[in-house]
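Asks: Got a structure for you, questions after.
The values are calculated or read from the model by the stated rules, or taken from the named source; none is laboratory data. All of these numbers come straight from a predicted model, not from anything done at the bench. Every residue, glycine as well, gets a Cβ built from its backbone with ideal geometry; the counts of neighbours run over all protein chains shown. Calculation scope for accessible area: heavy atoms of the full protein, side chains included, ligands and nucleic acids excluded. Shrake-Rupley method; radii C 1.70, N 1.55, O 1.52, S 1.80 Å.
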Amino acid sequence: MTERPDWENGGFGLYIHWPFCAAKCPYCDFNSHVADTIDHTRWKSAYLNELRRSAEETQGRILRSVFFGGGTPSLMDPDTVAEVLSEVHRLWPVANDLEVTLEANPTSVEAGRFRAFRDGGVSRISMGIQSLKDDDLRQLGRLHSVDEAKKAFEIARTAFERVSFDLIYARQNQSLRDWEAELTEALEMAIDHLSLYQLTIEPGTAFGARHAKGGLKGLPADSLAADMFDLTQDVCARYGMPAYEVSNHARDGAESRHNLVYWRYGDYIGIGPGAHGRITDSRARFATETPLAPGKWLEQVEQTGSGESMREALSLEDQATEYLLMSLRLNEGTDLARLRSLGYSPDDDTLIQLQQEGLIDIAGRHLSTTSNGRLLLNAVLRQLLEA
């Protein structure tokens, strides 16, 4: 009897990166670029070539999800999205409930374009609204207003049954009461899913440079940010959208299937500049990367037939570490038997200590963080991995 590959515990997904935005947000550390002109025909051809190459080593796998991320994929030509998805269906068997998500910004939402994305096979929209306060949108460098965001959301929900949107909290000069009012308004708008992120100041961003020079006044103290996190859990649960992951909330059954592939440590193909992947074959599980620069990636695909810049075999220790890092983000936590099958058993004394400190729970074969543990997730992970 052939042993079941570990990746099957998490499933199989496809990520396609569209690297272009209308403007670069000052807090963003994603691989996104502003370009005056984009040759949509060349990009479509490169995506199709990469799909065919990737399909050769994953034949017969059932594809659970496709995610168009960015950048701002709603700036893509809808015909490109439709042709990519047509090729996906030709190359792989797909799950009956295949989830196809496309990220969108309110400034790129038009009813006609959204109907075209839907008709081309997109089933779910993830919208970057980020704030329901106009002043804060300007501080965040967003190009849309609250009114435009709400109109875009209404357009999206008329075209798609599943629409998620993002908000950022712990912003400059934001009080706990401010966030509670804004979150309540968002929950009354929401359909089935919300992504709620604390503002983090990342090196290499405009906010990072400003903060290093003593700018960005009014950022909340850690204690206030922690109170905002706790409030978020309570209010979302009250509205029937509890957290299923550190920053993601959903009604039962509306969790992002694509992101669950990541957090449950499945296999996924990464196509496009800066996209990462995890692919298992009969020899090993591999980490893959692609060039960050859009032009370099495009030329490499055209000249060599492959957009990969790196493919590295992962040791069992690497896999165990990655699985723990990803799965502990989920409320369902980590399957300890699976973790042991990857060659890692957490130290018993460390587990007892973390339990006594109220940071983890162990139920049967599952290890999960408590609400306090999720606030201190990096510290919990560090203790588990260093033990």
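Asks: Take every Cα pair under 8 Å in the chain that's 6+ residues apart, average their separations, divide by the length, and report that relative contact order as a whole percent.
Replies: 16
Asks: What percent does the relative contact order of the stretch 115-200 come to when contacts are Cα pairs within less than 8 Å and at least six residues apart?
Replies: For the stretch 115-200, the relative contact order is 35 percent.
Asks: Based on Cβ point charges of +1 for Lys and Arg and -1 for Asp and Glu, what charge dipole magnitude is obtained for the chain about its Cα centre, in debye rounded to the nearest 20?
Replies: Dipole of the chain, to the nearest 20 debye: 540 debye.
Asks: Label points 7 Å out from Cα along the Cβ direction at Ile362 and Asp178: separation in nm?
Replies: If labels sit at Ile362 and Asp178, their model points lie 4.3 nm apart.
Asks: Report, in deg cm²/dmol and to the nearest 500, the calculated mean residue ellipticity at 222 nm for the chain, where each DSSP H run with n ≥ 4 adds -39500 (n - 2.57) and the sum is divided by the residue count.
Replies: It lands at -12500 deg cm²/dmol.
Asks: For Ile360, list long-range residues whose amide hydrogen, built 1.01 Å from N in the peptide plane, is under 5 Å from its own amide hydrogen.
Replies: Gln355, Thr370
Asks: For the stretch 6-118, give the magnitude of the charge dipole about the Cα centre (Cβ charges: +1 Lys/Arg, -1 Asp/Glu; no others), in debye to the nearest 20.
Replies: Using Cβ point charges on Lys, Arg, Asp and Glu, the stretch 6-118 gives about 200 debye.
Asks: May I pose another question? If the rule is a partner Cβ under 4.7 Å, which cysteines in the chain fail it?
Replies: Cys21, Cys236
Asks: Using the Karplus curve 6.51 cos²θ - 1.76 cosθ + 1.60 with θ = phi - 60°, what ³J(HN,Hα) values do you get for each residue of the stretch 86-98, in whole Hz, with x for Gly and Pro?
Replies: Residue by residue, the stretch 86-98 yields 4, 5, 4, 5, 6, 8, 10, x, 10, 4, 4, 10, 3 Hz.
Asks: Each label point is 7 Å from the Cα along the Cα-to-Cβ direction; what then is the distance between the points at Glu110 and Asn96, in nm?
Replies: Inter-label distance under the simple model: 3.8 nm.
Asks: For the chain, what % of the accessible area comes from carbon and sulfur atoms, probe 1.4 Å? Mind dumping the intermediate values first?
Replies: Working: 8110 of 17450 Å².
Roughly 46 percent, rounded to a whole number.
Asks: Excluding same-chain residues fewer than 8 positions from Lys151, which aspartates and glutamates have a Cα within less than 14 Å of its Cα?
Replies: Correct list for Lys151: Glu110.
Asks: At Asp347 and Ile38, where each label point lies 7 Å from the Cα along Cα→Cβ, what is the point-to-point distance in nanometres?
Replies: 4.9
Asks: Same structure again: So for the stretch 176-328, averaging the separation of alpha carbon pairs under 8 Å that are six or more residues apart and normalising by length, what relative contact order in percent results?
Replies: 17
Asks: If packing is taken as the mean number of other Cβ atoms within 10 Å per residue, what is the order of 95-102, 68-75, 338-345, highest first?
Replies: Numbers: 95-102: 18.6, 68-75: 24.4, 338-345: 16.4.
Top of the packing list down: 68-75, 95-102, 338-345.
Asks: List the residues whose amide H sits under 5 Å from the amide H of Ser126, counting only those 5 or more places along or on another chain, with H placed 1.01 Å from N in the peptide plane.
Replies: Leu102, Glu103, Ala104, Ser164
Asks: Stretch Ile201-Arg251 to full length: gain in nm at 0.36 nm per residue minus the Cα-Cα span?
Replies: Details: separation 50, 0.36 × 50 = 18.00 nm, distance 2.97 nm.
Residue separation times 0.36 nm, minus the Cα-Cα distance, leaves 15.0 nm.
Asks: Please name which of Val146, Gln233, Ile271 has its Cα lying farthest along the dipole of the stretch 140-296 towards the positive end, using unit charges on Cβ (Lys, Arg +1; Asp, Glu -1) and the Cα centre as origin.
Replies: Ile271
Asks: What length, rounded to one decimal in nm, is gained on full extension from Asp234 through to Gln355, with 0.36 nm per residue of separation minus their alpha-carbon distance?
Replies: 41.3 nm
Asks: Here's another thing I want to ask about it. For the stretch 85-189, what is the accessible area per residue in Å², given a 1.4 Å probe and the full set of protein chains?
Replies: Per-residue accessible area for the stretch 85-189 comes out at 43 Å².
Asks: What whole-number value in Å² describes the accessible area per residue of the stretch 218-308 for a 1.4 Å probe?
Replies: About 39 Å² of surface per residue is accessible.
Asks: Another one. Taking the dipole about the Cα centre of the stretch 278-387, with the C-beta of Lys and Arg at +1 and of Asp and Glu at -1, give me whichever of Gly333, Asn372, Leu385 is farthest to the positive side.
Replies: Of the candidates, Gly333 comes out farthest on the positive side.
Asks: Between Ala226 and Asp318, what FRET efficiency follows from the Cβ-Cβ distance if R0 is 25 Å, with the result rounded to 0.05?
Replies: On the way: r = 32 Å, r/R0 = 1.26.
Plugging the Cβ-Cβ distance into 1/(1 + (r/R0)^6) gives 0.20.
Asks: Let me ask something additional. Rounded to two decimal places and with Rh computed the Kirkwood way over Cα pairs, what is Rg over Rh for the stretch 95-210?
Replies: Dividing the radius of gyration by the Kirkwood radius yields 1.00.
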